[in-house]
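Read through the structure below, which is laid out as structure tokens, and then see the notes.
Every number in this text was worked out from the coordinates using simple rules, so none of it is lab data. Keep in mind the model is a prediction, meaning the values are calculated, not measured. Here the Cβ positions follow ideal geometry from the backbone for every residue, glycine too, while neighbour counts run over all protein chains shown.
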């Protein structure tokens, strides 16, 4: 690692950014701590110079900080409103951003949501781009979905599904 410090720094940069995409919170901090302790052990064992070790630790911390800051900016107002969205229903009202794409019995389209009403009646004003997937149950619905054009105002009731990160929605 000492003969190729750029490769070493690049590996720690990718690790710092990648860990937060897989784990968040305390588990990510434990992984970062474990990597830092392992790096310190390698430096004290004399396998790499302290300067290279410091550069690697700096790359790990800077890329992790950049990733956390980036993720914080891509949050959703819906995450703040619902602490546990799994299985909850909502009615979203918004304007279609492009025509619905129909694939078999599924229509998919992005909307700019303006109001989201939860199953308990709470109305939340939002300005978010949401991707909606609607399962069509009858042949007549295919014709109706094909007529949905950009700029139409649509309302739909959907059950919230957990995203890749439990309890968080993501903006498109």
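Okay, here's what the table says:
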quantity	calculated
Length released on extending from residue 91 to residue 106, taking residue separation times 0.36 nm less the Cα-Cα span	3.5 nm
Calculated P(r) tail over 20 Å for segment 1-100, as whole % of Cα pairs	53
Residue order, fewest to most beta carbons within 10 Å, for 31, 9	31, 9
Contour minus Cα-Cα distance for residue 143 and residue 129 (0.36 nm per residue)	2.6 nm
Gain in span if fully extended, residue 11 to residue 79, counting 0.36 nm per residue against the direct Cα distance	21.2 nm
Efficiency of FRET from Cβ geometry, residue 61 and residue 21, R₀ 22 Å, rounded to 0.05	0.85
Inter-label distance for residue 40 and residue 115, nm, one decimal - labels placed 7 Å from Cα along Cα-to-Cβ	5.6
Separation of the residue 122 and residue 30 label points, Cα + 7 Å toward Cβ, nm	3.0
